[in-house]
2 protein chains.
Amino acid sequence: MTTARIVVTLKNGVLDPQGKAIEGALGTLNFQGVGKVRQGKVFDVELDTKDRAKAESDLNAMCEKLLANTVIEDYAVEIVEE
Amino acid sequence: MTTARIVVTLKNGVLDPQGKAIEGALGTLNFQGVGKVRQGKVFDVELDTKDRAKAESDLNAMCEKLLANTVIEDYAVEIVEE
């Protein structure tokens, strides 16, 4: 079995209202020196295969087709465990 | 400046309807051998400090107070860049 972690983040320049809200909230909570905050998504996916190359190509296809909106989001695939 | 990545994931045993929906959708898209899928959140935070210890303690406090619901979620803090 292969376990992978996919991280989907907004591209630079894309407005992130959730991140902005968190910046404001951290200021309200008296955290000093907080700069930019950006929020993204993470997916932990288990695959029934030991073939690393196949797993990686499947995971990239999942991102392209379902998990990421590639117009505004970037994704990174990392195999955590084989 | 310190850049950190915080990953917030649901604890084991906590129901994840979004993850279940993604499992179903991946099946519909004909991806074979997909096991469990769990969704979480990621936060990229910039801090105006070079003090790694202070940054880590601040980031943990942010998770406890705002970013994670520690009843049902775990969090991991990773310093990406100093």
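Just so it is clear, none of the values below were taken in a lab; they were calculated from the coordinates. No experiment lies behind these values; they were computed from the predicted model shown. All Cβ positions, glycine included, derive from the backbone under ideal geometry; neighbour counts span all protein chains shown.
Side notes on the structure shown:
- Label-to-label distances for B:G24 across copies, nearest first, come out at 3.4 nm, using points 7 Å from Cα in the beta-carbon direction.
- Fraction in percent of alpha-carbon pairs per bin - 10 Å, segment A:1-55: 20, 31, 22, 18, 8
- Residue exposure sequence - B:I22, B:I79 - by fewest surrounding Cβ within 10 Å: B:I79, B:I22
- Centre-to-centre, using Cα atoms only, segment A:53-82 and segment B:36-82 are separated by 23 Å.
- For the protein assembly as shown, the spread of Cα positions along each principal axis, largest first, Å: 48, 35, 25
- Ascending distances from the A:D74 label point to its copies in the other chains, with the point 7 Å along the Cα-to-beta-carbon line: 2.7 nm.
- Exposed loop sites here mean trypsin sites (Lys or Arg not before Pro) with a DSSP loop assignment and at most 13 other beta-carbon atoms within 10 Å; chain B contains its longest site-free run at B:12-49.
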